[in-house]
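The values are calculated or read from the model by the stated rules, or taken from the named source; none is laboratory data. Just so it is clear, the structure is predicted and the values come from calculations on it, not from any experiment. Neighbour counts run over all protein chains shown; Cβ positions are idealised from the backbone, glycine included. For accessibility, only protein heavy atoms count, side chains too; no ligands or nucleic acids. Shrake-Rupley method; radii C 1.70, N 1.55, O 1.52, S 1.80 Å.
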Amino acid sequence: MPLTSYLDTFPQLGRDLYLHDSAQIIGDVHIGDHSSVWCNAVLRGDVNRIRIGMCSNIQDFTMGHVAHKSAAKPDGSPLLIGDYVTIGHSVILHGCSIGDQCLIGMGSIVMDDAVVERQVMVGAGSLVAPGKVLESGYLYVGRPAVRARALSAAELAYLKYSAEHYVRVKDNYLLGTKPK
């Protein structure tokens, strides 16, 4: 199992998860029901907490980490990911907050204290600067990420569909890994 404690804290897992054997989930990490963590992804909740909601997927080679608590910043920067979120391949998330029904495109970086409100799409390869707030209902692209345009009704519906698709894929994997 790809689970490791940090000091006296062990990852807490919801029901019906899929965790690929090559993933690493360390320390104070809580993953909600029906979520998935894919090949070579790392969620390192050692010096602060990571919370992932239900029906979210963390795709291959994603790195999720946190910033420690200090006198200047008593809460540090935890990593918070909502429900029905798709985190694309090779994304770096560091001490940020991702709202419900978001899609973070492949190769993107979201830095400390950035807030991605619900129903946001971040285009592939984007860089969300520390402390930046991405407003609900928009596509953001670039390095640094800037608001490109409002999401269409079809794109807003796709945000949840994408996460639901990964729930179906993880269910297929779980069917193939259950003892006969």
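Could you work out what % of the accessible surface of region 1-45 is carbon and sulfur, using a 1.4 angstrom probe and leaving DNA, RNA and ligands out of the count?
Numbers: 1020 of 2130 Å².
Carbon and sulfur: 48 percent of the exposed surface of region 1-45.
Under a Cβ-only charge scheme (Lys and Arg +1, Asp and Glu -1), can you give me the dipole magnitude of region 1-133 about the Cα centre, in debye to the nearest 20?
220
What whole-number value in Å² describes the accessible area per residue of region 1-108 for a 1.4 Å probe?
On the way: 4330 Å² over 108 residues.
Here the per-residue accessible area is 40 Å².
Computing the accessible area with a 1.4 Å probe over protein heavy atoms, can you report the carbon and sulfur percentage for region 93-180?
Details: 2640 of 4430 Å².
Carbon with sulfur: 60 percent of the solvent-accessible area.
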Check: Equivalent-ellipsoid semi-axes (√(5λ), Cα gyration tensor) for the chain, whole Å, largest first?
Finding: 24, 22, 12
Check: Got a sec? Charge dipole of the chain, +1 on Cβ for Lys and Arg, -1 for Asp and Glu; which of PRO2, VAL141, HIS89 is way out at the positive end?
Finding: VAL141
Notebook entry, point to check: If the convex hull of the alpha-carbon atoms of region 96-180 is projected onto planes in all directions, what is the mean projected area in square nanometres?
Noted result: 6.2
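Probe of 1.4 angstrom, ligands and nucleic acids ignored: what's the accessible area per residue over region 113-169, in square angstrom? Walk me through the intermediate numbers first.
On the way: 2880 Å² over 57 residues.
Ligands and nucleic acids excluded, the figure is 50 Å² per residue.
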Next item on the list: With +1 on each Lys and Arg Cβ and -1 on each Asp and Glu Cβ, and nothing else charged, work out how big the dipole of region 34-80 is about its Cα centre, in Debye to the nearest 20.
Entry: 180
Check: Which net charge results for the neighbourhood of VAL133, defined as the other residues with beta-carbon distances under 15 angstrom from its beta-carbon, given Lys and Arg at +1 and Asp and Glu at -1?
Finding: -1
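Give a quick list of trypsin sites (Lys or Arg not before Pro) in region 20-90 that DSSP marks as loop, anything other than H, G, I, E or B, with at most 16 other Cβ atoms within 10 Å.
On the way: sites: ARG44, ARG49, ARG51, LYS69; in loops: LYS69.
Answer by residue number: LYS69.
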Checklist line | Net length gained if the chain between LEU175 and GLU135 were fully extended (0.36 nm per residue, minus Cα distance) | finding: 10.6 nm
Next item on the list: For every helix of n ≥ 4 consecutive DSSP H residues, a contribution of -39,500 (n - 2.57) applies; sum these over the chain, divide by its total residues, and give [θ] at 222 nm rounded to the nearest 500 deg cm²/dmol.
Entry: -5000 deg cm²/dmol
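How much FRET efficiency would the formula 1/(1 + (r/R0)^6) give for ALA71 and ARG118, where r is the Cβ-Cβ distance and R0 is 25 Å, rounded to 0.05? Please list the in-between numbers first.
Numbers: r = 32 Å, r/R0 = 1.29.
With R0 = 25 Å, the Cβ-Cβ based efficiency is 0.20.
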Notebook entry, point to check: Looking only at region 101-140, which residues have a backbone nitrogen under 15 Å from a spot 7 Å from the Cα of GLU155 in the C-beta direction?
Noted result: 102-106, 117-126, 134-140
